[in-house]
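The values are calculated or read from the model by the stated rules, or taken from the named source; none is laboratory data. Here the structure is a predicted model, which means the values were calculated and not measured. Counting neighbours? That spans all protein chains shown, and the Cβs are built from the backbone with ideal geometry, glycine included. Quick note on the areas: whole protein, heavy atoms, side chains included, nothing else; ligands and nucleic acids left out. Shrake-Rupley method; radii C 1.70, N 1.55, O 1.52, S 1.80 Å.
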Amino acid sequence: MNKKMNFVQDLLPKPKARVKEGEVGRRSFIKLLTALTAGAIAMPEKSEAFSLDEFLQKHFHQMSDEEKQKTMARLEGEYNEKYSREDFSVDDTGPQAGVKYGYALNLSKCIGCRKCTHACVDENNQHRGSEEREDQVEYIRVLEMEKGSLDVEKSVHDYTHEVPAAGKYYMPVQCHHCNDAPCVKACPVEATWQEPDGIVVVDYNWCIGCRYCAAACPYWARKFNWTAPRIPDEEVNPDTHYLGNRPRYKGVMEKCTFCINRVRKGLNPACHDICPTGSRKFGNLLDKESVVRRIIDQKRIFILKEEVGTDPSFYYFFD
Amino acid sequence: MVDYLTFVFKSVRGMFSGGVRYRGWLAFLMALMAMGGFAYYRQAVHGLGVSGMGDQVSWGLYIANFTFLVGVAAAAVMMVIPGYLYHNKEVKGGVLLGEMVAIGAIVMCLLFVVADLGRPDRMWHMIPPFGKFNFPVSMLAWDVLVLNGYLLLNLHVPGYLLYKKYKGEEPAKWLYLPFVYISIVWAISIHTVTAFLYTGLAGRPYWNAAILAPRFIASAFCAGPAFIILVLEIIKGWTRFPMGERIIGFLRGVVLIAGLINIFLLISEIFTEFYADSAHVASARYLFFGLHGHNALVPWIWTSISMNVLALLALISRKFESRGVIVRNIPLLMLIVAIWIEKGMGLIFPGFIPTPLGEIVEYMPSANEWMVSLGIWGVGLFIMSILLKHAVDIETGEVKPSAK
C-alpha cells in the first residue's frame, strides 16, 4: 500500500470513535485538501474493475433460465479469481411447494454467547471489517435485556462480560422475514422481495444502494456495504446461492436469508445448528408436525414490535 | 429554428458575461464544484464509508440537504399563485426569478440523492422499460417522479415566457397557463411526497407522525421565500431589472405567516411527545435534551429554535424593514439557517437515534461529506446564477434579436 493511500485512510472516519463535533477543524480540512490533490494524481487501484456484463446484468426475475445459468457461471469465474479458488458454486435452487419457513427462539434458554452471530458471518460471507473502519457486517444482533422488560431501548448491545449475567436475559434479533415487509415496499427498484417460501431476499446486482429499506426496517436487519467487502481467501464459503451468501459488492444492501443456500437443500440455518443451548428452532410453518409449528401452537409465543404490523415469520417464546 | 438557435447562443453568451463581481462569483462556485468533484471521486472509489454514516445512522447530510431543498423548490409556487392567478403585475415580474431558483434547487435535490446512492452506476434500474420502477408502492419512486416532473414544468414555463419576451411577442396563454396551474399543485406535492417518504415508516416512531407533512410545507414556505427574497435583493441592488416595490414586502409577509405556523406545529409536536412521555419519545428526548449522555444534536436544535423565534419577532416588529440591505435581511438569513438545521440535525439524524433496537450511535458528517455537499451547492447556485442572469438580460433587453 502506497503512502498516498495511507494518507487518505487517515482521513476516513472510524465509526467506533466517531468524528466528534469540532474535530473537523481547519487543520483536518487543510490536510484533506492536500490529500485530495495528492489523491487525484494517483488514486488507489482499490476500486472494482468495471465490467460491462455486470453493468448490463438484468434483474433476477427478468432473466430467462438460460441467462441465469450464464450469469451464475460468470459469477463463479469472477469469485474463483477474486478469492484464488476453483471450487466456487453459485446456484439458484428454488422454493419447494408447500414450504413456508418460520423461526422460533426460546428466550428462556438463550445465554447471549453470540455464537450464532459469528457462525452467520462465516456461513454468509459477510464483510470482515475494513482496515479503515471496524465495520464487520453481522446479521444477528444479540441484545442483553433487563429482566421484566421488553423495551429494547433499555438493552445493551456491546456487553463484554461473562454470560449469562444475573438479572438479564438475551434476545438475538435478525431479519424477521415479514409477510408485509416495509423494506420490500420501500425499495424503488424492486431489488428486494419475499420469495414464495417466505424468505426476503436481495438481488445484489440490482440494488442501487439508496438505503431506504434500511430506514424502513423496524428490526434493524439490513446491513450496507459501506466499503468494498473484504473476506480473507481462506475464510470464504464457496457454496453459495444467487439470492443468498454469494460475495457482495461495495454499495449494496444485504441481510439474513435464513441461510437460503442451506435451507433450500433441507439443512437448517447456520445460527440454528451452532446454538449450544438449543434455543433456536426452525422449520416449515405449513407442516403441522414441524417443531416450529408445534411451538407456535403450544407455547406462549410473542412477536417483537407486533404494533408495527409487519406480520413476521420470526417468533419468540418463553418456556 | 434559426431564430431559436440564435436565441440560445445569445443567451448562453449572456449568461457567462458580466461584471467582475459576477464573473468572480461564478469562478468561486466553479472552485466549489471542483472541490466537490474531487471529494465525490474519493467517495466513488472508496464507497460511502468515507462519509460519517454507518448502519446505525444510514442517512445523513445528503438526505438532509435534499429534504431542505425540496422545500426551497416548492416555495417558488408562493410567487406563482398571486402572479398568474390574480394577475398581480407587481409579483409577476418576480415569478420568473422564483422559478429560476426552483430549477437550481431541484437540480441540487437530484444531485444530493445521486450522491447518496451506493451504486449510482445502476440508476438506469429505475427507468422503465429496461429497469423495474416500484411504482406506486415505493414512496421513493413517487419522489423521483414528482421531482423530475417539477423540474420539467419549471423549465418549460419560464423558458417559453423568456423566449417570447425576447422575440417581443405576446405569449400564447394555452401554451403556459395550464402548466402554471399544474405546477401549483405539483409544488405542494413534491414536499408532501418527500414528507410521506418518512411518515410512511412505522418502524421509525420519530418520523411516523402525521404532523410531518404540514410542518414540511410550513417550514418550506418560510425558508423558501426567504431565500428568494435574498435573491431578489441582490438583483434589485445590482441590476436594472424592473422589479415592483411590493414583491419583497409580500414575500416577507408569507415568510412571517409560514414561520409562525411552523412554530405552532413545533409546539404541538413537542407537547404531544413529552406530555404523554411514552416510549416513543426517545428520539425527541435525544434531540432536545440528550439521552444517556449522548447529546451531539442538543446545541444545534436550540440554536435553530432560538434563531427561528428571534427572526420571527424581528419580522413581526417590522423595525428592520426600512433599514439597510444587510440589516433588513438578517432575519431572513437566520430563518434559512434555522430551517436548514431543523431539516438535518432536527429531523433526519434523530430519526435514526436510537436505532430500532435501542442502540445509540451519534452521527456527524465527515469532512468528505461536507465537501461533496458544498460542491452540490456550488452546482445549484451556479445554475441559479446563470439562469437569473439570463432572465435579467432578457427583461432588461440586454439580449435581444439583432435589428433586421
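Quick notes on this structure:
- The alpha-carbon of B:Lys164 sits under 12 angstrom from the alpha-carbons of these aspartates and glutamates, leaving out residues fewer than 8 places away in its chain: B:Asp3, B:Glu395.
- Measuring heavy-atom accessible area with a 1.4 angstrom probe and counting protein chains only, the residues of segment A:184-219 that give up at least 40 Å² relative to the chain alone are A:Lys185, A:Pro188, A:Val189, A:Glu190, A:Trp206, A:Ile208, A:Cys210, A:Arg211, A:Tyr212, A:Ala215.
- Note: the protein assembly as shown, Cα convex hull, 182 Å³ per residue.
- Chains B and A together, accessible area buried on both sides, 1.4 angstrom probe, square angstrom: 5800
- For the protein assembly as shown, the per residue solvent-accessible surface stands at 42 Å², with DNA, RNA and ligands left out and a 1.4 Å probe.
- Solvent-accessible area, 1.4 Å probe, carbon plus sulfur percent, for the protein assembly as shown: 62
- Ranked by the mean number of other Cβ atoms within 10 Å of their residues, highest first, the peptides A:93-100, B:247-254, A:199-206 come out as A:199-206, B:247-254, A:93-100.
- Panel note: contact residues of segment A:158-173 (accessible area lowered by at least 30 Å² against the chain on its own; 1.4 Å probe) are lacking entirely.
- When shorter helices are ignored and each DSSP H run of at least 4 residues is given -39500 (n - 2.57), the per-residue value for the protein assembly as shown at 222 nm works out to -16500 deg cm²/dmol.
- Sorted on the mean count of surrounding Cβ atoms within 10 Å across their residues, most packed first, peptides B:293-302, A:179-188 read A:179-188, B:293-302.
- Here is the short version for the protein assembly as shown: A:Cys110, A:Cys113, A:Cys120, A:Cys178, A:Cys187, A:Cys207, A:Cys210, A:Cys217, A:Cys259, A:Cys275, B:Cys109, B:Cys222 have no other Cys C-beta closer than 4.7 Å.
- Once you reduce segment B:332-404 and segment B:282-330 to the center of their Cα atoms, the two points are 19 Å from each other.
- Beyond 29 Å in Cα-Cα separation lie the following of the pairs A:Lys68/A:Lys305; A:Lys168/A:Lys299; A:Lys115/A:Lys185; B:Lys173/B:Lys343; A:Lys115/A:Lys255: A:Lys68/A:Lys305; A:Lys115/A:Lys185; B:Lys173/B:Lys343.
- Note on B:Tyr150: accessible area is roughly 10 Å² with a 1.4 Å probe, heavy atoms of protein only.
- Of the residues in segment B:123-144, those shielded by at least 30 Å² of accessible area once partner protein chains are present, compared with the chain alone at a 1.4 Å probe, are B:Trp124, B:His125, B:Met126, B:Lys132, B:Asn134, B:Val137, B:Ser138, B:Leu140.
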